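Here's the structure we're looking at; comments come further down.
The values are calculated or read from the model by the stated rules, or taken from the named source; none is laboratory data. Here the structure is a predicted model, which means the values were calculated and not measured. Cβ sites come from the backbone with ideal geometry, for glycine too, and all protein chains shown count toward neighbours. Just the protein is used for accessible areas: all its heavy atoms, side chains included, with ligands, DNA and RNA removed. Shrake-Rupley method; radii C 1.70, N 1.55, O 1.52, S 1.80 Å.
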Amino acid sequence: MAVVNHTSLQPASFLLMGIPGLEELHIWLSIPFCLMYLAAVFGNSILFFVIVTEQSLHEPMYLFLAMLAVADLVLSSSTVPKALSIFWSLSKEMSFHACLTQMFFAHVSFIAESTILLAMAFDRYIAICNPLRYAAVFTRSVMAKIGLAAIARGFFVIFPTIFLLRRLPYCGRKLMPHTYCEHMGIARLACADIAVNIWYGFATTLLSPGVDILLIGVSYVLILRAVFRLSSKEAQLKAVRTCSSHACVIVMFYTPAFFSFFTHRFGHNIPIHVHILLANLYMLLPPMLNPIVYTVKNKLIREKVSRIFFKHGQCSPPRL
């Protein structure tokens, strides 16, 4: 009995079709996509530069923001340029290995960012509930280990999907109705049983970002309980303000991601263009909004950013 060579059934490349049903709007959709991506790159680059160059910002809370900025840059840059290339009809083709590489970096950066948000929730918990131990817990060494753990966690969760996809035969199927390569989008092109891919994707979603959001929720319950026990109203407001920007980022990051995940698997009556728009939204919206939220909410970062643009004294920032 002849053995099927799965490698020979892998396509040399895929053709990404963008957003099916909205082809006539591709050029118009490219405008907000491009503007949001430029804002994400500019905002996160400025945030990272300010934190790295300003010695006064080399504290745990700000180092977490620098990690978040890097994750956001990778998350958006791994997918949006190709989406714009498709919208502008420059290139819709992507080689099989390039597709796997794009999927790998997009998913790894997503899990790494989720890990960083969990660590930031723990940071806020210690700062509010046990402030005397804060300096002892979040040392430079611990911060470096957290950054490495975020990358390692994403790597070990996503790396098996490369082999799960390479083992599948695709029987010459090349057309992918999407703007970028993601695990289940590639798997659904296979002409074989993909139950292992489905269950692995479901398990990793529940056991990585799913567990993260659960633990973040527990930390905030403990934080709120500690806040309401404070006798001073001023202290309560200060504690709430400390957590507000992080809470906003959590909502922006997880809401579109989980909505996209569950509609992709259970919302079979939802049009495919809605699925794809949601999948792009969680890759683009948080990276664009995160630096804005933290710059607006954090007075010290706002002052440092203003100093970059007005440091020569040629013009002064408007007084409010």
Checking P318 against (1) modelled with pLDDT of 80 or more; (2) open to solvent by 40 Å² or more (accessible area, probe 1.4 Å), the condition it does not meet: (1)
Among residues of region 104-123, those that are polar (S, T, N, Q) and surrounded by fewer than 19 Cβ atoms within 10 Å (Cβ to Cβ), counted: 0
Test set (1) crowded, with 19+ Cβ neighbours inside 10 Å; (2) over 18 Å from D72 (Cβ atoms) - S208 fails condition number: (2)
Filtered residues of region 266-303 (kept if open to solvent by less than 40 Å² (accessible area, probe 1.4 Å) and either modelled with pLDDT under 80 or closer than 18 Å to I19 by Cβ (or both)): G267, H275, I276, L278, A279, N280, Y282, M283, L284, N298
Restricting region 124-165 to residues that are of a type in the set (F, W, Y) and open to solvent by 30 Å² or more (accessible area, probe 1.4 Å), the residue that is farthest from M61 (Cα to Cα): F163
Verdict on L15 being of a type outside the set (S, T, N, Q), part of a helix (DSSP H, G or I) and in contact (Cβ under 8 Å) with a residue 24 or more places away in the chain: no
Residue count, region 243-293 (criterion: assigned to a loop (DSSP other than H, G, I, E, B) and of a type in the set (A, V, I, L, M, F, W, C)): 1
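Can you confirm whether region 38-46 contains a residue that is open to solvent by 10 Å² or more (accessible area, probe 1.4 Å) and without any contact (Cβ under 8 Å) to a residue 12 or more places away in the chain? Before the answer, list the steps.
Quick first cut of region 38-46, residues open to solvent by 10 Å² or more (accessible area, probe 1.4 Å) only: 38-39, 41-43, 45-46.
With without any contact (Cβ under 8 Å) to a residue 12 or more places away in the chain added as a condition, the list becomes 38, 42.
Yes, region 38-46 has at least one match.
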Residue within region 166-185 that is of a type in the set (A, V, I, L, M), in contact with a His (Cβ under 8 Å, 6 or more places away or on another chain) and either part of a helix (DSSP H, G or I) or modelled with pLDDT of 90 or more (or both) present: yes
Counted residues, region 71-103 - those being open to solvent by 30 Å² or more (accessible area, probe 1.4 Å) and more than 21 Å from I31 (Cβ to Cβ): 7
